[in-house]
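Here's the structure, in C-alpha cells; my notes come after.
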Amino acid sequence: MGSDFIYILSSLPLLKFSGEGAMGFGDFLDACGGMLSAREKGVLSSLTLEEKPGVIREEPVLRQWDQWRETMVQVSALWRAARCPGQGMPVASSWHPRREAYPGDVRRLEAILAMEGLAAKQEAWERLQWDRLEELSLGLGFTFPALLVYALKLQLLEHRNRRTLASGTRVFEALVAARLAESQAGRVAVEE
C-alpha cells in the first residue's frame with residue numbers, strides 16, 4: 001500500500017495558510033480511506049492537532065509535532081508567569097529545557113505573546129503552527145507521515161475557518177434569538 005501514497009498525495013489539493021481547505025476532514029478521510037490499511041485509517045481518523053493526555057503517538061512525525069507543541073505551550077506558560085509576579089504565580093524564568101531545540105520558534109512565540117489584540121495573537125500562533133507543519137513535511141515525500149502532516153494542516157485550516165465572520169454572525173444571531181425567545185416567554189401582558 002506504500003505505493004498508494006504517491007497517488008493519494010499527488011491527487012490532494014494544495015493547501016494554503018491564507019485559504020480554506022479544499023475539502024473537510026471527513027471528506028478527506030473518505031477520499032483516501034479505501035487506499036489505507038486498517039492501522040493507517042485508525043491513526044488518521046483519531047488524528048488531532050493536540051495530543052491527547054497520556055497518549056504517546058506511534059508515528060515519529062506526530063511525536064515531533066507533539067514535542068514542539070508541548071514546548072511552545074510550556075514556554076508560553078513560563079513567559080506569562082514571569083510577567084505576572086503579583087498574580088499569585090511564582091516568578092519563573094522563561095527558560096525551558098527544550099527551548100534551544102526551537103530557538104527561532106521560541107523567539108517568534110515570545111513576539112506573539114507580546115502582541116496587542118487577541119485576534120492578531122491567534123492569527124500569528126496559527127501561522128507559527130503552519131510553518132512548523134511545513135518544516136515537518138520537508139523530505140517526507142510520498143509517505144504516510146506526509147499524509148499525516150497534510151491532515152494536520154487541513155485540521156488547522158478547519159479550525160481557522162470556524163472563526164469567520166459568517167460563522168460568528170450565525171452564533172450571534174442564534175444567541176440573540178434565544179434571548180428574545182426567553183424574554184418573550186417571561187413577559188407578562190398588562191392590560192389597562
Ordered by residue, what ³J(HN,Hα) values in Hz, to whole numbers, does segment 110-121 give under the Karplus form 6.51 cos²θ - 1.76 cosθ + 1.60, where θ = phi - 60° and Gly and Pro are x? 5, 5, 5, 5, 7, 5, 8, x, 5, 5, 5, 5
Taking K and R as +1 and D and E as -1, what net charge do the other residues with C-beta under 14 Å from the C-beta of Leu62 add up to? 0
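Rule-based calculations on the coordinates, nothing more; no lab input. This one's a predicted model, so the numbers in the text were calculated from it and none came from an experiment. Neighbour counts run over all protein chains shown; Cβ positions are idealised from the backbone, glycine included.
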